[in-house]
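The values are calculated or read from the model by the stated rules, or taken from the named source; none is laboratory data. All figures in this text were calculated on a predicted structure; none of them were measured in a lab. No Cβ is skipped: glycine too gets one built from the backbone with ideal geometry, and neighbour counts run over all protein chains shown. Quick note on the areas: whole protein, heavy atoms, side chains included, nothing else; ligands and nucleic acids left out. Shrake-Rupley method; radii C 1.70, N 1.55, O 1.52, S 1.80 Å.
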Amino acid sequence: MKKMEEKILAEGKILPGGVLKVGSFLNQQIDTVFMREIGEEIAELFKDSGATKILTIEASGIPIAVSAGFAMNLPVVYAKKNKSSNISGDCYSTLVHSFTHGNKNNVIVTKEYISSDDKILIVDDFLAHGSALTGLIEICEMAGAEVVGCCAAIEKGFQLGGDRLREQGYRIESLAIVDEMTDTEIIFREQ
Ligand code: 5GP
């Protein structure tokens with residue numbers, strides 16, 4: 001998505017440790033006009049996927065998933081991050097390593113919100129090492145639901161999670177893929 005690349009170049013800030021900050025339009029502050037376009041782009045990419053539900057993870061995946069949900073007329077479920085290890089039996093849970101916070105969270109979804117009848121499109125803001133998407137895929141497997149694809153607004157190709165998941169056979173689409181990021185330059189993958 002050309003406009004995603006342009007927004008990253010215009011507003012993205014490169015932080016140490018391979019972190020890209022996009023708080024001015026995607027995370028803390030949300031450009032709602034652009035967010036609508038993101039949802040429409042995801043809907044176009046996955047129009048033939050047969051998805052029945054969108055799954056994301058709190059917090060920054062939620063606006064993207066909801067925008068895609070509006071465009072696709074699909075419900076959205078978000079996984080909660082739970083610091084406590086005391087997980088009740090009515091939830092699916094898995095451990096996910098947080099790239100940005102450097103800790104591990106139990107990620108939980110209430111069982112009644114995903115079933116073996118569902119075809120799930122997984123959506124998140126960033127795809128880096130792939131822990132968040134892998135955790136969400138595991139939760140779908142626990143529920144017996146089919147994962148029809150995953151979509152990240154921004155993939156950091158140099159952290160390899162996306163390519164690993166593609167090698168495993170998942171359909172992974174990213175609206176922009178950053179293949180290289182130095183203090184002064186961002187290089188996108190041709191797609
Ligand atoms: P992964 O699990 O693929 O390593 O990282 C993805 C998760 O970490 C996303 O849910 C996202 O919130 C966060 N994340 C990873 N890299 C970045 C980044 O460069 N910038 C921001 N804002 N979040 C990131």
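Tabulated values for the structure
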{"read-out": "Residues (exposed (fewer than 11 other Cβ atoms within 10 Å of the Cβ) and either under 16 Å from the mean Cα position of the chain (by Cα) or aliphatic (A, V, I, L, M) (or both)) located in the range 16-38", "value": "VAL33"}
{"read-out": "Meets criteria (at pLDDT below 95, part of a loop (DSSP other than H, G, I, E, B), within 14 Å of the ligand (Cβ to nearest atom) and at negative phi) for THR100", "value": "yes"}
{"read-out": "The one condition in (1) within 10 Å of the ligand (Cβ to nearest atom); (2) open to solvent by less than 40 Å² (accessible area, probe 1.4 Å) that ILE64 fails to fulfil", "value": "(1)"}
{"read-out": "Complete set of residues in the range 39-48 that are open to solvent by less than 50 Å² (accessible area, probe 1.4 Å) and in contact (Cβ under 8 Å) with a residue 40 or more places away in the chain", "value": "ILE42, PHE46"}
{"read-out": "Selection status of ILE57, among the hydrophobic types (A, V, I, L, M, F, W, C), within 15 Å of the ligand (Cβ to nearest atom), touching a residue at least 60 places away in the same chain (Cβ under 8 Å) and touching a Phe, Trp or Tyr at 6+ places or on another chain (Cβ under 7 Å)", "value": "yes"}
{"read-out": "Filter pass, PHE34 being out of contact with any strand residue (DSSP E or B) (no Cβ under 8 Å at 6 or more places or on another chain), at pLDDT 95 or above and within 23 Å of GLY149 (Cα to Cα)", "value": "yes"}
{"read-out": "Tally, over the range 128-155, of residues that are part of a strand (DSSP E or B) and either open to solvent by less than 10 Å² (accessible area, probe 1.4 Å) or touching a Ser or Thr at 6+ places or on another chain (Cβ under 9 Å) (or both)", "value": "9"}
{"read-out": "Criterion violated by ALA51 - all others in (1) within 16 Å of the ligand (Cβ to nearest atom); (2) more than 15 Å from ASP124 (Cα to Cα); (3) outside any helix (DSSP H, G or I); (4) open to solvent by less than 40 Å² (accessible area, probe 1.4 Å) satisfied", "value": "(1)"}
{"read-out": "Pick from the range 78-97, criterion closer than 24 Å to ALA68 by Cα and open to solvent by 60 Å² or more (accessible area, probe 1.4 Å), ranking: modelled with the lowest pLDDT", "value": "LYS81"}
{"read-out": "The lone exception for ASP90 - which of (1) over 19 Å from LEU127 (Cβ atoms); (2) within 18 Å of the chain's Cα centre (by Cα) it fails", "value": "(2)"}
{"read-out": "Subset tally (residues that are within 16 Å of the ligand (Cβ to nearest atom) and either part of a helix (DSSP H, G or I) or in contact (Cβ under 8 Å) with a residue 24 or more places away in the chain (or both)) for the range 11-33", "value": "11"}
{"read-out": "The lone exception for ASP117 - which of (1) part of a loop (DSSP other than H, G, I, E, B); (2) more than 28 Å from PRO16 (Cβ to Cβ); (3) without any contact (Cβ under 8 Å) to a residue 60 or more places away in the chain it fails", "value": "(3)"}
